[in-house]
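**Q** What follows is a structure written as structure tokens; I'll ask about it next.
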There are 4 protein chains.
Amino acid sequence: MKATILGATGYTGMMLLRILASHPEVKCLVASSRGAAGRPLAEADPGLSPAALASGRLSPVVLSPAEALEDPGDVLFSALPHGASAETCAPVLGRTVVIDLSADFRFRDAGRYRSAYGADPPQARFQEKAVYGLCERYRESIRHASLIANPGCYPTATLLPLLPLLPHLLPGAPIVVNALSGITGAGKKEVINLLYAERTENANAYNPGRRHRHAAEIAEQLGGETLLFTPHLVPLKQGMLVTTTVTVRDASTAVDALDSACSGEPFLVLTGETPPETRHVRGTNQVRIGREVVAKGGYGGEDILILMSAIDNLWKGAAGQAVQNMNIRFGFDETAGLLREADL
Amino acid sequence: MKATILGATGYTGMMLLRILASHPEVKCLVASSRGAAGRPLAEADPGLSPAALASGRLSPVVLSPAEALEDPGDVLFSALPHGASAETCAPVLGRTVVIDLSADFRFRDAGRYRSAYGADPPQARFQEKAVYGLCERYRESIRHASLIANPGCYPTATLLPLLPLLPHLLPGAPIVVNALSGITGAGKKEVINLLYAERTENANAYNPGRRHRHAAEIAEQLGGETLLFTPHLVPLKQGMLVTTTVTVRDASTAVDALDSACSGEPFLVLTGETPPETRHVRGTNQVRIGREVVAKGGYGGEDILILMSAIDNLWKGAAGQAVQNMNIRFGFDETAGLLREADL
Amino acid sequence: MKATILGATGYTGMMLLRILASHPEVKCLVASSRGAAGRPLAEADPGLSPAALASGRLSPVVLSPAEALEDPGDVLFSALPHGASAETCAPVLGRTVVIDLSADFRFRDAGRYRSAYGADPPQARFQEKAVYGLCERYRESIRHASLIANPGCYPTATLLPLLPLLPHLLPGAPIVVNALSGITGAGKKEVINLLYAERTENANAYNPGRRHRHAAEIAEQLGGETLLFTPHLVPLKQGMLVTTTVTVRDASTAVDALDSACSGEPFLVLTGETPPETRHVRGTNQVRIGREVVAKGGYGGEDILILMSAIDNLWKGAAGQAVQNMNIRFGFDETAGLLREADL
Amino acid sequence: MKATILGATGYTGMMLLRILASHPEVKCLVASSRGAAGRPLAEADPGLSPAALASGRLSPVVLSPAEALEDPGDVLFSALPHGASAETCAPVLGRTVVIDLSADFRFRDAGRYRSAYGADPPQARFQEKAVYGLCERYRESIRHASLIANPGCYPTATLLPLLPLLPHLLPGAPIVVNALSGITGAGKKEVINLLYAERTENANAYNPGRRHRHAAEIAEQLGGETLLFTPHLVPLKQGMLVTTTVTVRDASTAVDALDSACSGEPFLVLTGETPPETRHVRGTNQVRIGREVVAKGGYGGEDILILMSAIDNLWKGAAGQAVQNMNIRFGFDETAGLLREADL
């Protein structure tokens, strides 16, 4: 099959390129980028392995998005920014399977998109057709989707352990999510705040409470507004760690629901009472999930459950999940191209 | 005045040495250590400045604890581990002002100490006399104390913004504390889990819920058990960031109480809705405190307040606060030796 | 085939485990360790992927070295410390192909080993049989070797670009090698000097001139003593960067020799005048080599050539090269199990 | 006295601000910046301590360079880029003491400046008057200078141990300098190559041989061209480590010359055969210098001397040395405002 990447020189696009370059089903892979169009791929992305460059499967030159869209092949991955992504993909929507890594098609509730992104959801007539690509939850819909909205990194790490617990939560009780993100989560942008000298040996919260756009995305999936979501930047290149504190009616039932939801899932790894570490998912598509029960710690004597989940923000949080979505959509082995040992 | 440090070669002890070496009131400073006794100080701690070493104020050789206790001077700082600290200091308790940086005298509730530390509180007859050295809260008692229990790093960063809000919290509602710590918070220990290769580009929670000993210390100060405390290790040498989500009856009254508690305090810096960054307190005794109000986000429609506080775990979280306690106790300017610009 | 690893819980052993777990020719893989014997592998090395653990190819429990040696299979990798390595492998030397990652069999000149390691080379009767496993240089001998001495990390990164230039160097002129190493190069040891807090944001030379044991190993291969080798520790988990300044009779002939030696080599990547970056080899078996000519910069007006080479100290510098040696020895595709995209 | 800083929001300017804010002789300190003009200082540089901001010594608002030059006070520090620096300072040259941290006045040899910086040296009529502000070498000239060209970071770390050895070097033998720099050495610039995600866990040489502008500056001071200078970027925020390998006629005479040059110098710290560590100079104005002798290691049997020097690139490599120059020029204690304990 042939795959095309829009935005191939950002961090997410580069990771898509690396994963797809050795994917057993992808025989032709086209990289496109506005900024690097016309440059040899080996120069635009000097970290690619000589084996990948010599494989004959990658386009030797980076195309412009317009050139790439002339013949996008079987699947188009868009790693463009929101707004630009939907507009750029519009000409091929409905003709090629599109996996959009931006936020443009993640919301059914247009009001939420509007308040989070400051504009109407783009390409309105395709919004209904989009499937939210949280693989483990919406696998069946993904199999038949022509437009897959790949979830954000924070929502992925937060929702996978949390959604199975929804029926077990005390209604209305605050869901307190504290999340740590690696710096690549902010993209490859020329801004002072992302410089090494600003981020090494530094940590801070940002957009606390409900200010972060991903809070809206999580709330959309939760179907409610009891969410308090505080993300933090910490000195990690890749990695994400989410700690979620919820009130449950009965902890053991809730833990059973979590165990059951993870059972048989190739990428969901339960670590029990041992908190997961981000290094153990670095460079992989795994979600490692730990949990702690504090009996009768809640407001009315209910149990408290603390969920801890770790992903690599560029893998399961972006490019890895996008490829998993492709695998599901095209009927490949769901783990194809995605089995890899983590960093030590 | 003369000051003596027990445990001068651990990270806390080394920081005490650096702060006290240029303190305007300390004319004689003795370093002691079990492991380094008998070695020249310049060799045991090669990072000390030539100016400090040449000042004539520091003992040129590291003493054994026993030697140091023969004449501890006006104030004895103990940076020994809990248990060992109280036992080692016992001979001089009541004769010299002791500032103990271990947990040995932090608890009034012996049961709490016992369940957190697995032993009875040591030196029982001195427990009543100890003052909990959270400077901004217990300043008046500290002025007259002969035994000051210097607080833990997590409790310091958590309690300073939280205690003023206690009267404004919804009773019984969970207090959710998520905290990030620099690696020096774990001490200078020869353990695999603290190696560079284990900690760089890695993050994980540990002892979630109520398992960490500092959860007991915080709970003791809060006087209740609605605390959920999840600490995390992140790749920072020095630094601590605490994010606390609480339910308040009325956010604006609560914010007023916070502002009022910080007013006039030389080390408490309010950053308003801008979340504090750990680099801005690195190498200083400051506590930077930000906050976010989420109106009507609580269980019963109450307001939610998110507090974010940053300290340097070795300064305000340990050695800096210990010196601040000395300054208060001896009637020095409270900021003496503690005004210093942060890391960039 | 069946492979056995001695010392599977150190950094090198863990990396061997990860590479071999997905090697297409290894059907059975046994991990052994003195410290972890008897523990489930999933617990001794919690970072292994669930896919690897479920593959049925790995021994589910860590064996003791003695147990492992009862039936080591077709190839035995020893990641034990020098001295212990040769002694432990002795019983199977000559019966099983042994790839020794320690220094025990790297030297032909016993005097060099003795002055570097402070003891006679162990297992003297096997010393003659050992082949120095610098793959690109000794490939033909490796094909028939029963005992392969896997080179050290510094020697690998230094020698691969340098050996082809030997005939072109000005005889006697100093070869100045400055090298930077990631911290895993020092092993997984419980020592203060390797703690995160000691190594982050810190750099220093160590064992300068000729004091490092690897200086002896490099000198053995160079066949002379004009080497000045100064290694440095920098804040990298994995990675090694070597900068070598040599005087050559004619730069363009020397560059041709370098180009020619790298031609067709799957793991040697020439970057020309662009200095290589360690991230581009992180997690791969590549050696990236750049060079700079300074015309007539030498003592007598000769040209100067500056070689810059980057490897991952745990891959090409240890476990990766060991597997490459196995591939050569057993007639597999030399890149089997070793093609992998680098870190971004 | 009154001091003014041009370029106060770059890393060097911010460090000048921090050092001067607590300098005992500076009673009025004005910050100026093109980009931040008109903004409150507390907002433009949020890391300044509350004590400094409340001291009444700092201008509360950032001025434009033009405003600042109306009344620059007793001393003007320029942390502007080369070219812009000389042009902006021109109106006050000769009227106010100017300490220029750019390269504009560092060269006597205009040809060298031209080939390194691609333009004629600016403000030609002042070039003769400028004194190269390498404090320990040119102290007497600095006392009377009205224009001080503050040295570059690499030249400072390289030259201080090397210049005393010049008479002892084997003439013509290559001087091989390998240097590691922290990322702040590249300034506070919005470029991809300086992002956290590009620099963490990464190392590379750049501008090897003689391509770096500082090679020209070092060569100017050495008075010859046998220099081979290869700088490297490593993951350090602040810090610089230089390893210099030279051929000397007699090592013990050379070491004596080094010892003698450092004797009595408050900021030069000899560490003997123990290589210096960058953390021990972090946040200080120290130069720590170690050395290793390799007897008879040279081309003709001469001795080799390896010098290792560590500085903080923002202190002794920029702002700290600039303040030291001010102290010398105005007859203050040379260490005023510059004695500070290093990072642990």
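**Q** Any chance you could count how many residues in segment C:125-168 are in contact with a helix residue (DSSP H, G or I) (Cβ under 8 Å, 6 or more places away or on another chain), in a helix (DSSP H, G or I) and of a type in the set (Gly, Ala, Ser)?
**A** 1
**Q** Just the residues that are open to solvent by 30 Å² or more (accessible area, probe 1.4 Å) and facing another protein chain (nearest Cβ under 9 Å), please, taken from segment D:214-254.
**A** Selection gives D:225, D:226.
**Q** If you don't mind, there's one more thing I want to ask. Evaluate segment C:96-105: report whether one residue or more is out of contact with any Leu (no Cβ under 8 Å at 6 or more places or on another chain) and surrounded by fewer than 17 Cβ atoms within 10 Å (Cβ to Cβ).
**A** no
**Q** Of the conditions (1) modelled with pLDDT under 95; (2) within 20 Å of residue B:233 (Cβ to Cβ), residue A:290 fails just one. Which one is it?
**A** The number of the failed condition is (1).
**Q** Among the residues in segment C:182-204, are any part of a helix (DSSP H, G or I), closer than 17 Å to residue C:241 by Cβ, within 7 Å of another protein chain (Cβ to nearest Cβ) and of a type in the set (A, V, I, L, M, F, W, C)?
**A** Within segment C:182-204 (the criterion being part of a helix (DSSP H, G or I), closer than 17 Å to residue C:241 by Cβ, within 7 Å of another protein chain (Cβ to nearest Cβ) and of a type in the set (A, V, I, L, M, F, W, C)), the answer is yes, since at least one residue qualifies.
**Q** Return the total of residues in segment C:72-128 being under 23 Å from residue C:223 (Cα atoms) and touching an Asp or Glu at 6+ places or on another chain (Cβ under 8 Å).
**A** Within segment C:72-128, residues that are under 23 Å from residue C:223 (Cα atoms) and touching an Asp or Glu at 6+ places or on another chain (Cβ under 8 Å) number 13.
**Q** A further question follows. Do you know which residues across segment C:223-249 are modelled with pLDDT under 95 and at negative phi?
**A** C:224, C:225, C:226, C:249
**Q** Moving on. Evaluate the following for residue D:264: is it part of a loop (DSSP other than H, G, I, E, B), out of contact with any Cys (no Cβ under 8 Å at 6 or more places or on another chain) and at pLDDT below 95?
**A** So residue D:264 does not fit the description; no.
**Q** So which residues in segment A:22-47 are of a type outside the set (Ser, Thr, Tyr), within 11 Å of chain C (Cβ to nearest Cβ) and open to solvent by 10 Å² or more (accessible area, probe 1.4 Å)?
**A** Those that are of a type outside the set (Ser, Thr, Tyr), within 11 Å of chain C (Cβ to nearest Cβ) and open to solvent by 10 Å² or more (accessible area, probe 1.4 Å): A:42, A:43, A:46.
**Q** Going by the structure shown, is residue D:171 under 16 Å from the mean Cα position of the chain (by Cα) and under 24 Å from residue D:248 (Cα atoms)? Talk me through it step by step, then tell me what you get.
**A** Numbers: under 16 Å from the mean Cα position of the chain (by Cα): no; under 24 Å from residue D:248 (Cα atoms): yes.
Judged against the criteria, residue D:171 is not a match.
**Q** May I ask you to say which residue of D:278, D:274 is facing chain C (nearest Cβ under 10 Å), at negative phi and open to solvent by 20 Å² or more (accessible area, probe 1.4 Å)?
**A** Unique residue meeting the criteria: D:274.
**Q** Related question: When the residues of segment C:308-339 are narrowed to those that are buried (at least 21 other Cβ atoms within 10 Å of the Cβ) and assigned to a loop (DSSP other than H, G, I, E, B), which ends up nearest to the other protein chains (Cβ to nearest Cβ)?
**A** Filtering segment C:308-339 for residues that are buried (at least 21 other Cβ atoms within 10 Å of the Cβ) and assigned to a loop (DSSP other than H, G, I, E, B), the one nearest to the other protein chains (Cβ to nearest Cβ) comes out as C:314.
Residues are listed down the side, and each one gets a yes or a no for (1) buried (at least 17 other Cβ atoms within 10 Å of the Cβ); (2) in a strand (DSSP E or B):
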site	(1), (2)
A:256	no, no
A:269	yes, yes
A:282	yes, no
A:285	yes, no
A:292	yes, yes
A:296	no, no
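**Q** Any idea which residue in segment A:53-88 is farthest from residue C:341 (Cα to Cα), counting only those that are open to solvent by less than 10 Å² (accessible area, probe 1.4 Å) and assigned to a helix (DSSP H, G or I)?
**A** A:86
The values are calculated or read from the model by the stated rules, or taken from the named source; none is laboratory data. Owing to the predicted nature of the structure, the values given are computational and were not obtained by experimental measurement. A quick note on method: Cβ atoms are made from the backbone with ideal geometry, for glycine too, and the neighbour counts reach across all protein chains shown. Only protein heavy atoms, including side chains, enter the accessible area calculation; ligands, DNA and RNA are left aside. Shrake-Rupley method; radii C 1.70, N 1.55, O 1.52, S 1.80 Å.
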